[in-house]
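Here is the structure we will look at, set down as structure tokens.
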Amino acid sequence: MNYKLVFAYDGSKYFGYAVQKNEEHTVQAVIEKAISTILNKETKIYASGRTDRGVHALNQVANFHCDHPLDEAKFLRSLNKLIPNDIYFKKITKVDEKFNARFSAIAKEYIYIINYKEYDPFRRAYELLDTKIDYDLLLATSQIFVGTHNFQSFTSKPTDDKNFVRTIYSISFKRKEGRIYIDFKGDGFMTYMIRKIIGALLEVNKGNLKTDEILNLLNSKKREIITYTAPPEGLFLKRVYYK
């Protein structure tokens, strides 16, 4: 049996999503331990992708296999009781055996939050504070990244994996209550890719980087990874799309 999970988590206290050799406190490790306890069998989960340390998810998706049918409502209740309260499971669904949360995904959507008004100690782990934002400049510059590009200079992805081409379908902005919500939708995003794009936008905002330099990086055949990387706190995985 193959089951699909939809869940949210606060990444503040985790060393990222994925299991790591020397760090047990990752989102994946905690979830696998809980599911294995309920099923009384070691169980692996396969997520749509990994998030970095400090990054959050509103609707992460994962799947796991079980050798018997589950009472889905009971399993979901048990899982939410056993799991720490900074992770919450919203839904479990039986799916086709061929479904894979990562490889079946056709698009992803992320959101990055910038507070441009006043420091809020209660939301410090969920947004970036920058009170000198030129909204129109950021919006205009962001559209350079929309479309299909070679993002080799905007990711820390290893060089031995040579596919750096991704398509960003849209980057949209919304202002509300002193905050800017930047929405990214694309066919996939590589390690640090959104954070490096945000970092580049912020450097343009400061006058330290020109739009022509961004265009040159997107068109260059040589990989020159930019050093600008926005903090993880403001980044959320918003939604994963499937056929």
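Laboratory data are not the source of any read-out in this text; all were calculated from the coordinates shown. In this text, all values refer to a predicted model and were calculated from it rather than measured experimentally. Here the Cβ positions follow ideal geometry from the backbone for every residue, glycine too, while neighbour counts run over all protein chains shown.
For segment 105-119, putting each phi into the Karplus relation 6.51 cos²θ - 1.76 cosθ + 1.60 with θ = phi - 60° gives couplings of 5, 10, 6, 9, 10, 10, 9, 10, 10, 10, 8, 10, 10, 9, 4 Hz, in residue order, rounded to whole numbers and with x for Gly and Pro.
Projecting the Cα atoms of 202, 158, 122 onto the dipole axis of the chain, where Lys and Arg carry +1 and Asp and Glu carry -1 at the beta carbon, places 158 farthest toward the positive end.
Its Cα gyration tensor gives segment 1-92 an equivalent ellipsoid; the semi-axes, largest first and in whole Å, are 21, 14, 12. Most fluctuating residue of 20, 152, 28 in a GNM of the chain with Cα springs under 10 Å: which is it? With Cα springs under 10 Å in the chain, the top fluctuation among 20, 152, 28 is at 20.
The fewest-to-most ranking of 193, 1 by surrounding Cβ atoms within 10 Å reads 1, 193. Net charge dipole, the chain: roughly 340 debye, given to the nearest 20, about the Cα centre with Cβ charges of +1 for Lys and Arg and -1 for Asp and Glu. The C-alpha radius of gyration of the chain, expressed as a fraction of 2.2 N^0.38 Å, stands at 1.08. Each of 48, 12 has some number of other Cβ atoms within 10 Å of its Cβ, and from fewest to most they run 12, 48. When only Cα pairs below 8 angstrom with a gap of at least 6 residues are kept, segment 106-242 shows a relative contact order of 39 percent. Straight-line cross-link partners of residue 222 among the aspartates and glutamates, defined as a Cα under 17 Å from its Cα and at least 8 positions apart when in the same chain: 160, 161, 212, 213. Just checking the listed ones, 158, 84, 231: in the Gaussian network model of the chain with Cα springs under 10 Å, the one fluctuating most is 158. Ordered by the count of other Cβ atoms within 10 Å of each Cβ, fewest first, 41, 13, 238 give 41, 13, 238. Helical content alone sets the calculated 222 nm signal of the chain at -7000 deg cm²/dmol, taking -39,500 (n - 2.57) per DSSP H segment of four or more residues and averaging over every residue.
Let me have the relative contact order for the chain, percent, based on Cα pairs under 8 Å that are six or more residues apart. The normalised contact order for the chain reaches 25 percent.
Modelled spin-label separation between residue 130 and residue 187, with each label point placed 7 Å from Cα along the Cα-to-Cβ direction: 2.8 nm.
Backbone geometry of segment 65-76 corresponds, through the Karplus equation with coefficients 6.51, -1.76 and 1.60 at θ = phi - 60°, to 3J(HN,Hα) couplings of 10, 9, 8, 8, x, 10, 7, 4, 5, 5, 4, 5 Hz, x marking Gly and Pro.
Pick out, in residue order, every one of the GluC sites (Glu not before Pro) in segment 1-49 that is DSSP loop and has at most 15 other C-beta atoms within 10 Å; say none if there are none. Sites meeting the loop and neighbour criteria: 23, 24, 42.
With the contact rule set at Cα under 8 Å and sequence spacing of 6 or more, what percent relative contact order holds for segment 15-83? The normalised contact order for segment 15-83 reaches 31 percent.
For the chain, a Gaussian network of Cα nodes joined below 10 Å ranks 39, 138, 218 by mean-square fluctuation, and the top entry is 39. I'd like the distance between the alpha-carbon centres of segment 176-198 and segment 3-48, rounded to an integer number of Å. That distance is 24 Å. Note on segment 2-95: Lys pairs 8 or more places apart or on different chains, Cα atoms under 13 Å apart, count 9. Stretching the chain fully between residue 46 and residue 213 yields a gain of 56.3 nm (0.36 nm per residue, less the alpha carbon separation). Rounded to the nearest 0.05, the FRET efficiency derived from the C-beta distance between residue 167 and residue 12 at R0 = 30 Å is 0.45. For the listed residue pairs 117/238; 210/243; 117/157, the alpha carbons are over 30 angstrom apart in 210/243; 117/157.
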